[in-house]
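Here, each number is a calculation from the coordinates, and none is a lab measurement. Just so it is clear, the structure is predicted and the values come from calculations on it, not from any experiment. Here the Cβ is made from the backbone with ideal geometry for all residues, glycine too, and neighbour counts use every protein chain on show.
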Amino acid sequence: DKLNGGGSSWDYDDSVQNYLMEFGYLPKSNIETGNLRTMDQLSEAVKSLQAFANLEPTGKIDGETRELLRRPRCGAPDLAG
Amino acid sequence: SNDFLASNSLSGRYRNGGRRQRRFVIQGQKWDHHTVTWSLVNQSMTDLDAGQVRRVLHEALDLWAQNANISFREVYSSQADIQVLFARQFHGDGYRFDGPGKILAHAFYPGSGIGGDAHFDEEETWLLNEPLGTDGTRLFDVAVHEFGHSLGLGHSSVKEAIMFPWHHVSYRGKDSIPEDDRHGIQGIYGPKKKTYGHNPERHTTPTTTTTTTTTPPPPRRPPTHRYYPSKNQTGHPWQGLHPNNPYNPYKTTPTSTTTTEIPRRRVYYPDKPRPVGTDHPQHIPTPTKVHHHHHHNHPATRPPLPTRPNPCDTSYDAITLIRNELFIFKDRYLWRIFENDLHHRPPALISDMFYGLPRDFERIDSVYENKHHKIVFFVGKQYYVFNSRHPEPGYPKPLTALGLPESIERIDAALVWSYNNRTYLYSGRLYWRFDEDANHVELDYPRDMSMWKGVGYNIDSAFQYRDGKTYFFKGKGYWRFNDLRMSVDQADPHPSAPHWMKC
């Protein structure tokens, strides 16, 4: 639901982080260790996702990016791990 | 690399409008034979017409065949290179579907076993031949994309490309595919060879042939909830796995051979009579843990004790610390290794130390000491909780009592992980975290073993040693695991014998 417009553009909540992990933008291993991530790491991951989708790589969860996160897609990762 | 991840990916990059775009990616794997076989696993679906689905899949494959030196043949067999499966939620590969929307499908790069297979979320509204604009997802568009993965292509950030990750209509019957995709697929298989001596009007000889007749389309029925008959519907998504679902990764037919080969997956299709004697649709013996099920009723006919394994040349069924003492288990024997031992001692029979295991057991699959200081043995589809040398009353119990799926044949390893001292259970390609207080595996599991980078699938054992490190074992070697990096300490395993058996 956070993907549906809630939260601030810096709000890298679980659903955003899970998305970034699922498609290869963040290392999945953190799921098990629960290691926290730095804002830089998250912002860089979002920029990488935006670049892949031909969006402005702002690093923020802006409207376009939120739309992208909702868009139907293939389940395979974009970046090899 | 695991199925989704590239081993040696090659990708074209070019600037487009100043922004660096990532073009087609060749994932490194490819089919080494010219004619790739494929098969639709669900030959009868409640809300899709299998005949129409097969036609669409043909067309999607044919599009690739028209643009590269590759051809396809439909077969109705579990030996197909590309098995096409419609499934929901957990379906046995560790990559869950999520219901209508978002993830539509996924596929695996070329390779044995699950390699090449394409899975579609059956909870999507798939359009087979409805006109553009109809509400739903055109199966053709998604199938062309997924088969790109099945042929070795990764995702491309070129928006028009078939391999662009987000769903879009990439091909409307024009006679060529986007340039990025053509470069990609021809980078793997080369351009389509002209075939001569045929009617020039025709494009080329058919590139996708089928060897089965099309079944008359069954009447379309409204989508109904698919009931997956399984012994105990505990609501765990895994429990719903259809017994015939070929992605039941643990259905194995008990083997009496000692092969350590991993033959290709053998799946008997739901509506196809199975050869006599195969009561399980799946047959994947693991390379090192092959179960022999000799059932002898009379002690007199009990098999002779197996020869003692050679401690300096063996894999381990299980290795663990019990009361801070190192135990190594193999077949019906165990070694106790004391810290100052300079050499391993002769093994003892497991049954001479732990009473109450089945008389004809051949080996244990895994063992660990839990936080209540009980010793938990996993043997096949059952487990025993021992209080010192004796099993507690009421054991053995089935693995399903722990919330594990009915389809699990064995637990390969049980580990109290050094990073968080939580209990993890590993089996085949998947693993679970186990809640010792609730005595049940945790929700949000299983997950794919690729999380434990470098360890691979079908491990033999794992444990946390006195040094506070975690070790994984497979075959005659082991890795030390780097918890923070979530990966093994080195790619190649260390030899076990010198380190653990003091050979």
### Summary
Two pseudo-spin positions, 7 Å from Cα along C-beta at B:H372 and at B:R308, lie apart in nanometres by 3.6
### Task
Would you mind counting up the charge near B:D467? Only other residues with Cβ under 13 Å from its Cβ, with Lys and Arg at +1 and Asp and Glu at -1.
0
### Message
How are the alpha carbon pair distances in region B:117-168 distributed across 5 Å bins from zero to the largest one, expressed in percent?
### Response
4, 21, 27, 23, 18, 7, 0
### Query
Ordered by residue, what ³J(HN,Hα) values in Hz, to whole numbers, does region B:365-379 give under the Karplus form 6.51 cos²θ - 1.76 cosθ + 1.60, where θ = phi - 60° and Gly and Pro are x?
8, 6, 7, 7, 9, 7, 6, 8, 6, 9, 9, 9, 9, 10, 10
### Query
What nm distance separates the two modelled labels at B:A438 and B:R345, each placed 7 Å from Cα along Cα→Cβ?
4.1
### Message
Based on alpha-carbon centroids, what's the gap between region B:373-417 and region B:118-144 in Å, whole number please?
### Response
44
### Query
Under 5 Å between amide H atoms, partner at least 5 residues away or on a different chain: which partners does B:I103 have, H built in plane at 1.01 Å?
A:R73, B:D98
### Task
Search the structure for amide H atoms under 5 Å from the amide H of B:E122, placed 1.01 Å from N in the peptide plane, and list their residues when 5 or more places away or on another chain.
B:A87, B:R88
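If you place +1 on the Cβ of every Lys and Arg, -1 on the Cβ of every Asp and Glu, and leave all else neutral, what size is the dipole of chain A about its Cα centre, to the nearest 20 Debye?
Working: 9 positive and 13 negative charges, 30 e Å.
With Lys and Arg at +1 and Asp and Glu at -1, about 140 debye.
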### Query
So which trypsin sites (Lys or Arg not before Pro) in region B:404-503 end up in coil per DSSP with only 10 or fewer other C-beta atoms within 10 Å?
B:R466
### Summary
When B:K192, B:K30 are ranked with the fewest other C-beta atoms within 10 Å first, the list becomes B:K30, B:K192
### Message
Test of understanding: what is the full-extension gain from B:L321 to B:Q490, defined as 0.36 nm times their sequence separation minus their Cα-Cα distance?
### Response
58.5 nm
#### Entry: Neighbour net charge for B:M501 - beta-carbon separation under 11 angstrom, K R +1, D E -1
+2
### Message
Using a 7 Å offset from the Cα along the Cα-to-Cβ direction at both B:E130 and A:D62, what is the distance between the two label points in nm, to one decimal?
### Response
3.5
### Message
For B:D135, A:D78, which order do you get if you count the other beta carbons within 10 Å of each Cβ and list the fewest first?
### Response
B:D135, A:D78
